[in-house]
Amino acid sequence: MDSFLEAARYYFERAADGLDVGSRLRRQLVTPRREIRFECILPLDNGEIATFTGYRVQHDEARGPMKGGIRFSPEVDHDEVAALASLMTWKTAVVDLPYGGAKGGIECDPHQLSRREVQRLTRIWTDQLHDVIGPNIDVPAPDLGTNAQTMAWVADQFALHHGWTPAVVTGKPIDLGGSLGREAATGRGVTHVTKLVLADRGEPVTGRKVAIQGFGNVGSWSARLLAAEDALIVAVSDVTGAVRNPDGLDVDALAGHVESTGGVSGFDGGEGFSGDELLVEPCDVLIPAAIEGVLTADNAGHVQAGVVVEAANGPTTPAGDETLRSRGITVVPDIFANAGGVTVSYFEWVQNIQQQPWAEERVNGELAARMTKAYADLSDRAAATGGDLRDAAYQLAVGRVARATTLRT
Ligand code: NAD
């Protein structure tokens, strides 16, 4: 079972088995409500034409409008988008947001396109979908390869059809109705979760050694905020390479290096090494914060951390998960560990609908409260069933969506 979609199904089926969900309801929960695939025909700056495949998979809306990012990446395909859409359904349910799940994207490499070309492509994607997204239907957000500027273009293009409606997307620039605290939110959530799990193990965060794969939005904010809690960030990798320092990297200096050079490679505050070794570095906490499917049957046996916090979506294959579980390593599942981003997206949507911006302290405070409550729910369930945190998270989520579906049927 190698594919991401099969892995997402596997975790769902385990939870459905544990909850004794019948076959009829199971089929309803697993089947996406709508899947859209289309070609974006893009006039290039040089006068040529290029075509790119666009997607939106709307998985489930039993608990509210569907929510999920837009990914611009060469790896985007139907199965990846469908897997991520279902993860969004379970993620919004775990942290008890009044949302369902969706995901979208374009199979493209935005780094090979000019800014004007990316803007045109984003507007084409929005034109294809404007009738099936909206504040009460489906609310996109940024993901890999997209950012606040991309959301500004989606909102602007949507406005041509429906009038200015800021709640149609989240992760917008602050000047267009974005929320304070959104940019750091996923890393802040990862930091809360890491502290909660360590506290349960009787380990203070101070002095814990942390290794992080990926130094983009999620990885860099996790590094910064954990370092601010006196954790030692001992190793970091990205597409350009990896750097380690057993005494702790200077994360602000590393962020400055990445800003000026485009990657962690060549940072002189530590020793460079092969990024392939990052996942098996000596550390207390391992945070995969880049891409899916990196912890597998091949390397999970060599992981040295006692705790794995899945900041990326789908970083552990089911076989890798089995190995980590059998070795007694605590895995904090993606659908909970990285839910800080969608939680603050929800706060942004609320602020847009109420036309009432919140102070950053309120955003951060409510995020902390939601993550803490969700962790208490998860650990109570894990204790009651004897399962691990992933089983507990999926059971909590699938149970909530199943109840909403049954009530509406
Ligand atoms: P990003 O594009 O900002 O950063 C990705 C980072 O991963 C970059 O540093 C890149 O160099 C690195 N990377 C890519 N391939 C790698 C590899 N093979 N080895 C090592 N590093 C590699 O993306 P992001 O927003 O930080 O998202 C990272 C992950 O977190 C994704 O799985 C995304 O779906 C998930 N996620 C993001 C958010 C959010 O709010 N941004 C929320 C929830 C989940």
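The values are calculated or read from the model by the stated rules, or taken from the named source; none is laboratory data. All values reported here derive from a predicted model rather than from experimental measurement. Glycine gets a Cβ as well: all are built from the backbone with ideal geometry, and neighbour counts include every protein chain shown. Side chains are part of the model used for accessible areas, which takes the heavy atoms of the whole protein and leaves out ligands, DNA and RNA. Shrake-Rupley method; radii C 1.70, N 1.55, O 1.52, S 1.80 Å.
In a fully extended conformation the segment linking Leu44 and Asp131 would gain 28.7 nm over its present Cα-Cα distance, using 0.36 nm per residue. Spin-label pair His111-Thr261: with each label point 7 Å from Cα along the Cα-Cβ axis, the two points sit 1.5 nm from one another. Highest mean packing first, where packing is the average number of other Cβ atoms within 10 Å per residue, the peptides 324-337, 25-38 line up as 324-337, 25-38.
Using a 1.4 Å probe on the protein heavy atoms, what percent of the accessible area of the chain belongs to carbon and sulfur? Working shown, then result.
Values: 7920 of 16370 Å².
So the carbon and sulfur contribution to the accessible surface is 48 percent.
Given Ile124, Ala85, Gly100, which one lies farthest toward the positive end of the charge dipole of the chain, if we put +1 on the Cβ of every Lys and Arg and -1 on the Cβ of every Asp and Glu? Of the listed residues, the answer is Gly100.
Based on C-alpha pairs under 8 angstrom that are at least 6 apart in sequence, the chain has a relative contact order of 17 percent.
First measure r as the distance between the Cβ atoms of Asp268 and Ala228, then evaluate 1/(1 + (r/R0)^6) with R0 = 25 Å and state the FRET efficiency to the nearest 0.05. The computed FRET efficiency comes out at 0.65.
Quick one: accessible area per residue over region 1-97, 1.4 Å probe, rounded to a whole number of Å²?
Details: 4160 Å² over 97 residues.
Heavy-atom accessible area per residue stands at 43 Å².
Computed with the Debye formula from one identical point scatterer per Cα of region 281-323, without solvent, the log10 of I(q)/I(0) at q = 0.19, 0.22, 0.30 Å⁻¹ comes to -0.48, -0.66, -1.16. Note: region 42-113, Cα convex hull, 85 Å³ per residue. Counting only the Cα atoms, region 1-98 fills a convex hull of 118 Å³ per residue.
Rg over Rh for region 32-176 works out to 0.96, using Cα positions for both radii and the Kirkwood form for Rh. Mean residue ellipticity, 222 nm, helices only, the chain: the sum of -39500 (n - 2.57) across DSSP H runs of n ≥ 4, divided by residue count and rounded to 500, is -15000 deg cm²/dmol. The count of lysine pairs in the chain that are at least 8 places apart or cross chains, and whose C-alpha atoms lie under 25 Å apart, stands at 11. A simple spin-label model places the labels of Gln149 and Leu19 4.1 nm from each other, with each point 7 Å out along Cα-to-Cβ. Distance between the 7 Å Cα→Cβ label points at Glu35 and Ser3: 0.8 nm.
Quick one: in region 263-409, what % of C-alpha pairs are over 23 Å apart? Walk me through the intermediate numbers first.
Working: 5343 of 10731 pairs.
The answer is 50 percent, as a whole percent.
Rg and Dmax of the chain, both derived from C-alpha coordinates alone, stand at 20.3, 63 Å. Computed from phi, the 3J(HN,Hα) profile of region 118-127 under the Karplus parametrisation 6.51, -1.76, 1.60 (θ = phi - 60°) reads 4, 4, 4, 4, 4, 5, 5, 4, 5, 4 Hz, with x in place of Gly and Pro.
Here region 217-350 is treated as an ellipsoid with the same Cα gyration tensor; its semi-axes, largest first and in whole Å, are 23, 21, 13. Amide H contacts under 5 Å for Cys40: Phe52, Thr53, Gly54, restricted to partners 5 or more places along the chain or on a different chain, H placed in the peptide plane at 1.01 Å from N.
Once the 1.4 Å probe is applied to the protein heavy atoms, region 185-337 comes out at 36 Å² accessible per residue.
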